[in-house]
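The values are calculated or read from the model by the stated rules, or taken from the named source; none is laboratory data. Just so it is clear, the model here is predicted, and its values are computed rather than measured. Every residue, glycine among them, receives a Cβ derived from its backbone with ideal geometry; neighbour counts consider all protein chains shown.
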Amino acid sequence: MAERGPHPVFELEAVRYSYMDATGLDGIGFRVDAGEKLALLGANGSGKSTLLKLLDGLIFPSGGQIRAFGSRLDETALQDEGFARGFRRRVGFVFQNSDAQLFSPNVWEEIAFGPLHLGLPQDEVEERVKDTLHILGLEHLRDRPPYHLSGGEKKKVALAAVLAINPDVLLFDEPTAGLDPKTEEFLIQMMAELNRAGKTIITATQDLGIVTHIASRAIVLGEDHRLAGEGPAAEVLADRELLLSANLVHYHTHRHDGLEHSHPHSHVEKHDHRHRG
């Protein structure tokens with residue numbers, strides 16, 4: 001008998017999404033296997049965040065279908081309490097704007113909210129919160145209101161709130177946006193460790209400088225909201241024509257010794273001399 005490969009976490013078939021009369025996504029199809037590290041690349045407005053919200057069951061396709069863990073993911077499915085509870089336990093979403101995610105009076109209660117909402121026993125909730133605070137180095141912030149924290153601290157608390165439910169899949173929307181270099185480094189290392197622990201990591205970003213550190217495969221969304229390309233992350237980053245067509249890089253023109261030169265230039269790439277695991 002042939003050996004079976006990784007089982008799919010998500011399967012998308014001809015997925016469309018519309019905002020009123022505007023197109024958000026148009027005919028998107030791909031598969032994500034368990035344990036993958038996938039980057040969703042695209043310019044602002046291409047549909048990356050919309051796609052993450054679809055994968056998290058926050059919104060639903062206007063056409064096509066999404067399957068999660070082998071079952072159809074739609075509004076009807078999430079109305080079933082058993083399915084919804086299982087899905088919410090298995091998929092966690094770290095928003096780009098931490099302020100949109102944090103709402104509890106203090107950090108301890110923020111991290112405890114997810115496990116309590118899943119109906120876990122109080123002693124298990126307390127153990128999970130303690131472990132998560134320790135892993136992310138947040139013990140000293142446990143009694144602080146989230147809105148009094150720095151941007152980097154808020155990002156860590158938002159991640160902690162997701163990790164406390166111990167999901168199989170983590171969705172990240174522009175995770176490094178607005179972070180200082182130290183917090184960015186910490187977050188990228190944490191994402192790598194989570195993947196090594198077996199978690200599926202799906203990241204929407206236009207920060208090309210971090211892609212090979214957070215993903216082994218990349219999907220590119222074009223400005224027409226269609227799938228523009230996909231493949232191994234390093235190969236996608238080397239395909240300048242693909243990146244140009246998706247408005248992730250542009251041609252930079254300058255003069256040197258009286259001659260005009262033109263070469264691709266990224267809006268978001270940065271020199272990175274740090275070493276990441």
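Of all the listed residues (F113, F83, F172), the sole one being surrounded by fewer than 20 Cβ atoms within 10 Å (Cβ to Cβ), in contact with a strand residue (DSSP E or B) (Cβ under 9 Å, 6 or more places away or on another chain) and of a type in the set (F, W, Y) is F83.
Yes/no per residue for (1) closer than 20 Å to E184 by Cβ; (2) in contact with a helix residue (DSSP H, G or I) (Cβ under 6 Å, 6 or more places away or on another chain); (3) among the hydrophobic types (A, V, I, L, M, F, W, C):
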| site | (1), (2), (3) |
| --- | --- |
| K130 | no, no, no |
| L136 | yes, yes, yes |
| H140 | no, no, no |
| D143 | no, no, no |
| G151 | yes, no, no |
| N166 | no, no, no |
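Of all residues in the stretch 115-132, at least one satisfies being more than 21 Å from the chain's Cα centre (by Cα), of a type in the set (A, V, I, L, M) and not in a helix (DSSP H, G or I). Within the stretch 73-99, residues that are more than 17 Å from L118 (Cβ to Cβ) sit with their Cβ atoms under 7 Å from residues that are in a helix (DSSP H, G or I) and of a type in the set (G, A, S), at 6+ positions apart or across chains, in these pairs: V94/A158; F95/A158; S98/A158.
Here E124 meets each of (1) crowded, with 20+ Cβ neighbours inside 10 Å; (2) closer than 28 Å to L73 by Cβ; (3) of a type outside the set (K, R) with one exception, condition (1).
Taken across the stretch 7-23, residues that are among the hydroxyl-bearing types (S, T, Y), over 16 Å from the mean Cα position of the chain (by Cα) and either under 13 Å from A204 (Cβ atoms) or surrounded by 17 or more Cβ atoms within 10 Å (Cβ to Cβ) (or both) do occur, with at least one present.
Inspection of the stretch 110-119 finds a residue satisfying the criterion of being over 28 Å from V32 (Cα atoms) and among the aliphatic types (A, V, I, L, M). Is there a residue in the stretch 44-51 that is modelled with pLDDT of 95 or more, among the hydrophobic types (A, V, I, L, M, F, W, C) and either over 20 Å from G222 (Cβ atoms) or surrounded by fewer than 17 Cβ atoms within 10 Å (Cβ to Cβ) (or both)? No, the stretch 44-51 has no match at all.
Here is a yes/no grid of residues against (1) part of a loop (DSSP other than H, G, I, E, B); (2) more than 22 Å from L243 (Cβ to Cβ):
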| residue | (1), (2) |
| --- | --- |
| H140 | no, yes |
| N166 | yes, yes |
| F172 | no, no |
| I188 | no, no |
| L194 | no, yes |
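In the set L78, L118, L102, only one residue is surrounded by 15 or more Cβ atoms within 10 Å (Cβ to Cβ) and in contact with a Gly (Cβ under 6 Å, 6 or more places away or on another chain); that residue is L78.
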